[in-house]
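Take a look at the structure set out below.
The values are calculated or read from the model by the stated rules, or taken from the named source; none is laboratory data. Since this is a predicted model, take the numbers as computed values, not measurements. Cβ sites come from the backbone with ideal geometry, for glycine too, and all protein chains shown count toward neighbours.
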Amino acid sequence: MRITRDILLKQARDFTEKRLKPDRNVTAVFLVGSLRPEDAPIPSALDIDLLVIYNGEAPREREIVKLSNEIHLDVKYENARHYAQPRELRGDPWRGWDMWDPLLLHETGRFFEYTQASLRAQFDDPENLLKRCRAFAAPARDFWNDTLFNPQEARPTRLLEATFQTANALAGLGGSPLSRRRMVSQFASRASLLGKPGTTASLLQSLTANPDPQLTRRFLPAWKEGLTQAAQQTRNPLLHPARLAYYQTALEEELNGNIPAAAQWILLDTWSLAAEENSLPPDSAAAWQTLCAETGMNPENLPARLSALDSFLDQVEEALEERAVQNGL
């Protein structure tokens with residue numbers, strides 16, 4: 001059977017009706033993410049992103065619900081207090097875009113109508129746009145500054161997160177945040193549209209010393225084994241068993257795409273998370289350490305990655321300053 005958007009929407013609505021709507025503390029439920037646009041492509045493995053606004057402290061922050069080997073629900077729960085001041089959402093790069101044009105699946109009262117109307121007013125003003133961009137750039141720069149005095153803080157997970165934040169700081173000048181899974185390829189497209197194509201090379205330099213796609217192919221078996229085992233050892237939703245096909249499909253597509261090095265980002269990002277949680281089997285953990293050495297993520301070579309991140313950040317901060325000057329800010 002061919003999977004269509006209508007079939008996926010029915011799954012989202014059924015889950016909302018059966019699991020979420022009976023909870024009186026659920027203020028609203030939205031479909032967000034890559035499936036939201038009506039013309040969104042339907043990949044062979046995907047997640048259905050739901051945002052649940054909860055009245056009070058939610059029972060969990062995130063929940064993964066497997067629907068099939070290729071499809072799962074990714075449900076994020078947030079306290080309604082984060083949305084109590086819609087005007088402040090204009091400068092929030094994640095919540096602001098989530099509320100810009102989600103698909104409403106359920107609500108009590110008129111939460112959405114009021115929140116969206118207030119949010120959209122002046123959302124695209126340069127001041128709010130730059131505020132969203134700087135919300136990404138600031139923690140990335142803070143991380144880099146911290147490593148000057150505390151080199152032990154330069155763990156792969158933190159370096160990768162800072163690179164993701166830096167990429168989104170520039171991408172925010174042209175639209176919504178990048179998806180984590182497709183970060184590199186999406187960044188390349190956005191940077192080109194913004195007239196900053198050279199920043200893609202800077203992004204890759206901060207991620208790896210060896211972007212050769214053959215390196216990624218060589219480590220794929222150990223990565224897959226490691227994430228399969230890690231999923232049994234941790235409750236981290238990002239490593240849920242249902243997400244392995246989601247990651248692997250994107251990784252293989254990127255390997256065959258226009259920027260094969262983009263696949264290495266998925267490999268490094270997911271594997272580093274499992275390694276930091278000590279949930280990898282010994283063979284996979286050893287392979288991870290070898291990959292770190294070959295990509296410059298090991299302690300001896302991390303200073304070079306940090307230097308590359310500094311250069312990438314400089315370019316992005318200059319782009320933000322240029323936009324500020326152009327708009328008299």
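Scanning segment 19-43 for residues that are of a type outside the set (A, V, I, L, M), touching a residue at least 40 places away in the same chain (Cβ under 8 Å) and either in a strand (DSSP E or B) or closer than 22 Å to His240 by Cα (or both) turns up Thr27, Phe30, Gly33, Ser34, Pro43. Report yes if Ser118 is under 19 Å from the mean Cα position of the chain (by Cα), under 22 Å from Gly175 (Cα atoms) and hydroxyl-bearing (Ser, Thr, Tyr), otherwise no. Taking the combined requirement at face value, the residue does not satisfy it. Return the residue satisfying two criteria in turn: it lies in segment 275-289 and is under 15 Å from Pro221 (Cβ atoms) and touching a residue at least 12 places away in the same chain (Cβ under 8 Å), and of such residues it is surrounded by the fewest Cβ atoms within 10 Å (Cβ to Cβ). Filtering segment 275-289 for residues that are under 15 Å from Pro221 (Cβ atoms) and touching a residue at least 12 places away in the same chain (Cβ under 8 Å), the one surrounded by the fewest Cβ atoms within 10 Å (Cβ to Cβ) comes out as Asp283. Residues of segment 44-65 that are outside any strand (DSSP E or B), in contact (Cβ under 8 Å) with a residue 40 or more places away in the chain and buried (at least 16 other Cβ atoms within 10 Å of the Cβ): Ala45 alone. Looking at the structure I just gave you, is Glu254 touching a Pro at 6+ places or on another chain (Cβ under 8 Å), buried (at least 17 other Cβ atoms within 10 Å of the Cβ) and either at pLDDT below 95 or of a type outside the set (Ser, Thr, Tyr) (or both)? So Glu254 fits the description; yes.
When each of Phe136, Phe112 is tested for being touching a Pro at 6+ places or on another chain (Cβ under 9 Å), touching a residue at least 12 places away in the same chain (Cβ under 8 Å), part of a helix (DSSP H, G or I) and not assigned by TED's automatic domain parsing to the domain that holds Leu302, the lone residue that passes is Phe112. Would you say Pro102 is surrounded by 18 or more Cβ atoms within 10 Å (Cβ to Cβ), in contact (Cβ under 8 Å) with a residue 40 or more places away in the chain, assigned by TED's automatic domain parsing to the domain that holds Ala308 and within 25 Å of Asp74 (Cα to Cα)? It is false that Pro102 is surrounded by 18 or more Cβ atoms within 10 Å (Cβ to Cβ), in contact (Cβ under 8 Å) with a residue 40 or more places away in the chain, assigned by TED's automatic domain parsing to the domain that holds Ala308 and within 25 Å of Asp74 (Cα to Cα). Restricting attention to segment 207-250 and to residues that are buried (at least 19 other Cβ atoms within 10 Å of the Cβ) and touching a strand residue (DSSP E or B) at 6+ places or on another chain (Cβ under 7 Å), the residue that is nearest to Arg181 (Cα to Cα) turns out to be Tyr246. Somewhere in segment 9-31, is a residue closer than 22 Å to Gln248 by Cα and surrounded by 13 or more Cβ atoms within 10 Å (Cβ to Cβ)? So far as segment 9-31 goes, no, none of its residues is closer than 22 Å to Gln248 by Cα and surrounded by 13 or more Cβ atoms within 10 Å (Cβ to Cβ).
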